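Each remark here refers to the structure printed beneath this line.
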Amino acid sequence: LYIKSNCVSNLDYIKNEIHMVPLETVYKDFMRGPKKVMLLQAYAGSGKTMFAEQIEERLLVEFDPSSNFRIPLRVELGGVVDPVHNALSEGLYNKGFSDEQIEQLKRLPVLIFLDGVDEARYQGERLSSTHHLYFTNKLY
C-alpha cells in the first residue's frame, strides 16, 4: 500500500507561505526544470524510499531513447563505508556493478537517488546537514 505524500516545496518555505502540494507535483517540476538536486527530507517511515523506488521503476518502464531520459540509480547509503566521498561508486559496487560499468554510468545522464541518508554513517558518526553529499561526491 502506497499513500501519496504531500509536502511543502522549498520555494513556498522561502516565501514563508506554507501550503501542502503533492510530492509527485514537486518531483515533476524538478524533472522539467534546470535544477540538479532535489532533497527529500522526512521522518523515518514516511515513504521516502517507497517514493524513490516508484519513480525508479516508472522511469525504467517508460524508457524512451529519443527523450531526455536519465538512467535512474538508487543507491542505498546504509551499506556504504564512505558516503561522504564515495557514495555513488561504492553504492553501485554493492549493487553488483563492475568498476567498468560504474565508469560508463558516470559519463551518461543519470538520476541519482541517495537513499538512507538518515541511516548512513561516516567514521562511526551519523551524517548531518553539514555533509553536502552532492559536492563531496562530485556529483555535478
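Scanning residues 5 or more positions from L73 or on other chains, those with amide H under 5 Å from its amide H are L111, I112, F113, with H placed 1.01 Å from N in the peptide plane.
Charge dipole of the stretch 95-140 (Cα centre as origin; +1 on each Lys and Arg Cβ, -1 on each Asp and Glu Cβ, all else neutral): 140 debye, rounded to the nearest 20.
What are the DSSP H helices in the chain that stretch 15 Å or more along their long axis, judged by alpha-carbon atoms, and whose average Kyte-Doolittle hydropathy comes to at least -0.5? Within the chain the helices that satisfy the rule are 48-61, 83-94.
Sorting 43-52, 57-66 by their mean Cβ neighbour count within 10 Å, with the most densely packed peptide first, gives 43-52, 57-66. Pairs of alpha carbons in the chain separated by more than 19 Å make up 56% of all such pairs. Calculate, for E57 and H85, the FRET efficiency according to 1/(1 + (r/R0)^6) with r their C-beta to C-beta distance and R0 30 Å; round to the nearest 0.05. Efficiency for this residue pair is about 0.55. Here the Karplus curve 6.51 cos²θ - 1.76 cosθ + 1.60, taken at θ = phi - 60°, turns the phi angles of the stretch 115-122 into couplings of 9, x, 4, 5, 9, 6, 10, 9 Hz, with x standing for Gly and Pro. For the set K35/K138; K28/K138; K48/K95; K28/K48, the pairs lying more than 22 angstrom apart at their alpha carbons are K28/K138. In the elastic network of the chain, a GNM with C-alpha springs shorter than 10 Å, the most mobile of P109, P83, P34 is P34. At a temperature of 4 °C and a viscosity of 1.567 mPa s, determine how fast the stretch 49-130 diffuses translationally according to Stokes-Einstein, using the Kirkwood radius over alpha-carbon pairs as Rh; express D in µm²/s, rounded to the nearest whole number. This corresponds to a translational diffusion coefficient of 95 µm²/s.
Gain on full extension, evaluated as 0.36 nm per residue between K95 and F135 minus their Cα-Cα distance, stands at 12.1 nm.
Readers should treat all values here as calculations from the given coordinates under stated rules, not as data from a laboratory. As the structure is a prediction and not an experimental result, all values here were calculated from the model. Methodologically, a virtual Cβ is constructed for each residue, glycine included, from the backbone with ideal geometry; neighbour enumeration extends over all protein chains shown.
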